[in-house]
1. For region 43-64, which positions are surrounded by fewer than 10 Cβ atoms within 10 Å (Cβ to Cβ) and either aliphatic (A, V, I, L, M) or assigned to a loop (DSSP other than H, G, I, E, B) (or both)?
2. Pairs please, first residue from region 74-91 and assigned to a loop (DSSP other than H, G, I, E, B) and surrounded by 15 or more Cβ atoms within 10 Å (Cβ to Cβ), second anywhere and modelled with pLDDT of 95 or more and of a type outside the set (S, T, N, Q), Cβ atoms under 7 Å, 6+ apart in sequence or on different chains.
Amino acid sequence: EIIPRYRSTYFSHIFSGGYAVGYYVYLWAEILDADAFDTFKEAGDIFDQETAGKFRKHILTEGGWGEPMDQYLLFRGKQPTEIPLLRNRGLLK
């Protein structure tokens, strides 16, 4: 039996009204978070100074000045993908 908290109607508040867009934004933020963190893992060191410098420059410092995706591309060098998030959630190996 499914615990009452997790029945299908538990998510009804997300799709009834204006919250659906907000929920999508949270999911998109998680995708960007996981993909950006993969950049540090791919560098071989999550404390890599060069990667941290690019993140600081293109996301933290200049992030509010240009198009957000353009800034992300300057940091990451490619489009974000959902693969790191799916891997983090145990849906991919």
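The values are calculated or read from the model by the stated rules, or taken from the named source; none is laboratory data. Keep in mind it's a predicted model, so treat the numbers as computed, not measured. For neighbour counting, all protein chains shown are included, and Cβ atoms are generated from backbone atoms with ideal geometry for every residue, glycine included.
1. Once the filter is applied, which keeps residues that are surrounded by fewer than 10 Cβ atoms within 10 Å (Cβ to Cβ) and either aliphatic (A, V, I, L, M) or assigned to a loop (DSSP other than H, G, I, E, B) (or both), region 43-64 yields GLY44, PHE47, GLY64.
2. Hits for this filter: PRO80/ILE31; PRO80/LEU32; PRO80/ASP35; PRO80/TYR72; GLU82/ILE31.
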